[in-house]
Structure formats: structure tokens, C-alpha cells
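Taking it in order: structure first as C-alpha cells, then the write-up.
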Amino acid sequence: MNDNNPHRKAHPRAVSRRGALHAGLLGIGGMSLATLLRQRAEAGETLPKDTAVIFLFLHGGPSQLETYDLKPNAPTEVRGPCMPISTNVQGLSLCELLPLHSRIANRFALIRSCTHGDGGHFEAHGRFMSGNAGLKTGTFESTHPQMGAIIGRALKSRVRGVPAAVGMGLVIYQSAFGEYLPGIGNGYWSSAWRPPIVTKTGLPNSTLTIEGGRLDDRVTLLRQIDGFRRDVDNRGVMESVDEFNRTAIEILTADKVRQAFDLAQEDPQLVAQYGDEWGQNALVARRLVEAGVSFVTISVPGGVKAMDAPGWDDHAINIDLPTIMRHRLPVYDQVVTTLINDIYDRGLDKKVLVIAAGEFGRTPKGTLQPGTSTGKLQWGRDHWPGAQSILISGGGFRMGQVIGATDQHAAYPVERPIDPQDLMATIYRHLGIDLTMHFPDGSGRPVAITTGTPIRELG
């Protein structure tokens, strides 16, 4: 399935600190964060466990045949350009372009048999991140609330002033509902339940943005947060607002949130290991979960400095898959293994669950077509929801194993098919969320947060 839909990236407006205060402060999707906090308090949610999830979402759909489920004995048009390498776990192999993965395979598990039936990007986002199919009429937004929104509604913040769920990284598109990346969609719920997101240009779901700077420039971000704090203090705002507005202000002024962005507190060698691209977001994510955030989803770019790419959407008309993988996977390899090792080395492997996955896999058979922009023949794979691979690390689960198996072409599961609902149930159980919990849909009818079963092989 070719996908010519352009992904519209957001350009959030810069809003001054004083303007934020006058506008009602920290608005999320047109509703104030204070309103969100009130709703959560009125709902009487229970405190979550001291656990967290970092979800690395590879928008576009990474190829299982060039990452975690290689088929070296398949025909050339299926096998592709990469060969498998062994790992430090007997019988577990993966792509030769992931050598750092191979050294720490005992610290992650691979699911090779995730499957569902939605082959469009945004339909699959909804299916994978909410467990249900369907898009809001006239939008690319999931009909149903996605995991970040569900987790944010199910859990109170573990730490005062720290949001339960946060999105980070590449904004996929902008709409009337606000900026979007996978995992934060609020579906048929009020936009008050839409988690805040952090982009390279600021915090578009709040009113704090970076004027003339990038999130990559941490000094600029910290300076603006500090200025915001001074404005609040000097004007005596905290003395005149109610509890919920006070907590809303504290989400961006609390020391724990501020410090999560201050990478000067980290060992420079560790900062360097994470790299200077999206790896910085992964490091901030680890710091955010240490600060009390329960769920962080990161939209992982498919392009690298050496070569641009439209996410991980590796149609032949978009990109030459063998070429982009040789540029992309070394960066991915470095960031993922650094994050996993960092979590284990800090003794967080029982608390923090790391997941890396896209919305689906790619077709077993590759195609050769002229590139839309290059005009040159390129080799790629199309959308394929029949089978995809998922990496899972930490969470106190059993690592060093492969769950499920696909046929000789990595087309369909032949052993232990896993539904996205099962992954959701695993995540919710890890976070201490009652799997029988129900929330109202747009018509007020109670809907279960998941119909899945936690993946038993993980323990």
C-alpha cells in the first residue's frame, strides 16, 4: 500500500510568559490544565505504583525483516539486504546493523508475532495505541483514547506537579485538536485528558514555548522556565490561585520537572553516549520517569543527519530501504542500547519498562520502483499489519527470550499471536492500573480500558 499522505509538522506559536498567565495558563487543547486537575481529583483516582513506561514509537512501521525477525533462507526479494548476527543469548539473532543490541540481548525480550488488521498509518496508530480501530471523522486522530490519555486519566501524578503522561519528539501533524504524536490522542474524551507534549520548539500543548530556540538547546529552555518562575513569584500569582491552578503552575515550575531537562547534571560521557539527535529525548525521558512521570512516549524519527526519510515508512517510492537502514540503524542501535543499559545500571530495571515498536511491519516481498523525489530505482517494502516485531526491556519481566514466531517469510504468526490489546494490558498491569477499569465513551457508555491479557511469557 503506497501512502502519499504528507505528514504536516507543527509550528506552534510562541507565547510569552506573561501572555500565558493572562490566557489562563497551561492550556491543553483549549482547556486549562487546572480543569484537568480538578477532573482528576473529582474522579477520585488511586495513586499509581512507583513504575513507569518509556515507549519508543517508530512512526511509519519498521521492517521486521531488517531489524528483529530476519529470514536468511528466504528468496532474495523477501530476505532483503541484511544478514542475521548472533547475540549473547543462545538462539536469538537479529540484524547485523544492530551489533550493540547483540551484546545486551539478555536485557531485552523480542515479540515477533504481534498482528492486527489495520494497514493505514493512522488507523494503525489507533489500533496499536488504543487497541481499537477507527478515526474521528475528517481527521487522522484515533476515535478512541490512546494509552497516554488512558494512563493520565487512570492515574494521579505520583509526584505533585508532575504529569502522569508526556509525549516527546517529532510532531506528526497539527489539527484543531492540537499537535499530535502517537500515544497522546484523547479520542472521544475531552481534550483536557490530552497529555502534554514536548517538541523541538517547545511545549505546544501548554503555553510555554521557546521563542527563537530549540528544545535541543537546553540552556534556552531552562532560561525560559526560570524566567517563568520569576514572573510567577514577582507577581504573587501563587498567593491568589486555588489549589488546582497552583498545581498547574507547578507542573512547569517545580524543581523536579525543571531538573529533568537540565542535562548538565548528567555525566558528560553518558550524554555523549545517548548522542545528539533523538537520543537526547531518550535521556530526558529517563529523567522524567525518575521525576515521577508514569508514561513517556517518544516519536522516533526515521531520518538521520546524513539522510532524510519520511519516518520509518520505507516504500520504494519514498526511500531506498537498504541505504536508509545503513544510516538509521546505527543511531537507533546506539540510543536504544544506551537507554537500556542506563536503566539497568541505575537499578531501574524493575521500575521502568522500555518498549520499541511502530504501528505495523512491512511486506515480506520488496519492490523496486523509481523514487518520487530522486527518480532513481529504489528498493523498499510497503505496509504490512500481518506481523511485526516489538522490543521490550526491563519492567521486572523475564528478558533474554523470543516470544512468538512467524512463517518463513515473516508474513504471519505461526506461534503465539499477540494482539495490541495484550501489550496494552501488560503495560497497564505494570503501572498498577486495574484491568477491569471502565471509562465512559462519547455517549456515556462504560468502555473497558482493554480487552487484552497480559503477556504471560514475560512473567
Inset, instruction - Highest first, please rank the peptides 386-392, 431-437, 64-70, 299-305 by the mean number of other Cβ atoms sitting within 10 Å of their residues. - result: 64-70, 386-392, 299-305, 431-437
Legend entry - Using a Förster distance of 56 Å, the FRET efficiency for Q259-Q90 (Cβ separation, nearest 0.05): 0.85
Legend entry - Formal net charge of residues neighbouring L70 (Cβ-Cβ distance under 13 Å; K, R +1; D, E -1): +1
Legend entry - Mean separation of Cα contacts under 8 Å, 6 or more apart, over the residue count of the stretch 257-364: relative contact order %: 23 percent
Inset, instruction - Before anything else, pin down the relative contact order of the stretch 66-196: Cα pairs under 8 Å, at least 6 apart, normalised by residue count, whole percent. - result: 16 percent
Inset, instruction - Would you please state the base-10 log of I(q)/I(0) at q = 0.11, 0.19, 0.25 1/Å for the stretch 121-202, with intensities from the Debye formula using one equal scatterer on every alpha carbon? - result: -0.26, -0.76, -1.23
Inset, instruction - Take the Cα atoms of the stretch 395-453, build their convex hull, and give its volume per residue in Å³. - result: 107 Å³
Inset, instruction - Would you mind calculating the gained length between S190 and K49 on full extension (0.36 nm times residue separation, minus the Cα-Cα distance), in nm to one decimal? - result: 48.2 nm
Legend entry - Listed pairs K305/K365; K305/K376; K71/K351 exceeding 31 Å between Cα atoms: K71/K351
Inset, instruction - Indicate the gyration tensor shape class of the stretch 40-166 (rounded, prolate or oblate), computed on the Cα atoms with a ≥ b ≥ c the square roots of the eigenvalues: a/c under 1.5 is rounded; otherwise a/b larger than b/c is prolate and the rest oblate. - result: oblate
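Rounded, prolate or oblate: pick one for the stretch 348-459, where a ≥ b ≥ c are the square roots of the eigenvalues of its C-alpha gyration tensor, a/c under 1.5 means rounded, and failing that, prolate if a/b is larger than b/c, else oblate.
Values: a/c = 2.29, a/b = 1.64, b/c = 1.39.
In terms of gyration-tensor shape, prolate.
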Legend entry - J(HN,Hα) series, the stretch 297-305, from Karplus relation 6.51 cos²θ - 1.76 cosθ + 1.60, nearest Hz, glycine and proline x: 10, 10, 7, 8, x, x, x, 9, 4
Inset, instruction - Within the stretch 375-459, list the trypsin sites (Lys or Arg not before Pro) lying in a DSSP loop whose Cβ has at most 12 other Cβ atoms in a 10 Å radius. - result: K376, R398
Inset, instruction - Step through the residues of the stretch 102-119 one at a time and calculate ³J(HN,Hα) from phi using the Karplus curve (6.51 cos²θ - 1.76 cosθ + 1.60, θ = phi - 60°), rounding each to whole Hz and writing x for Gly and Pro. - result: 4, 7, 10, 4, 5, 9, 8, 10, 10, 9, 10, 10, 6, 8, 7, x, 10, x
Legend entry - Cβ-based net charge around Y274, under 12 Å, with every Lys or Arg adding one and every Asp or Glu removing one: -3
Inset, instruction - May I ask you to compute the full-extension gain from V271 to R456, defined as 0.36 nm times their residue separation minus their alpha-carbon distance, rounded to one decimal in nm? - result: 63.1 nm
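For the stretch 327-459, what's the relative contact order in percent, using C-alpha pairs closer than 8 Å and at least 6 residues apart?
Computed over the stretch 327-459, the figure is 19 percent.
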Inset, instruction - Work out how much length A306 to H438 would gain on full extension: take 0.36 nm times their residue separation and subtract the Cα-Cα distance, in nm to one decimal. - result: 42.9 nm
Legend entry - All Cα pairs of the stretch 50-120, percent lying beyond 18 Å: 49 percent
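We did not get these values from a lab; they are worked out from the coordinates using the rules stated. Bear in mind that the values here come from a model prediction, so they are computed numbers and not experimental data. Positions of Cβ are backbone-derived with ideal geometry, glycine not excepted, and every protein chain shown enters the neighbour counts.
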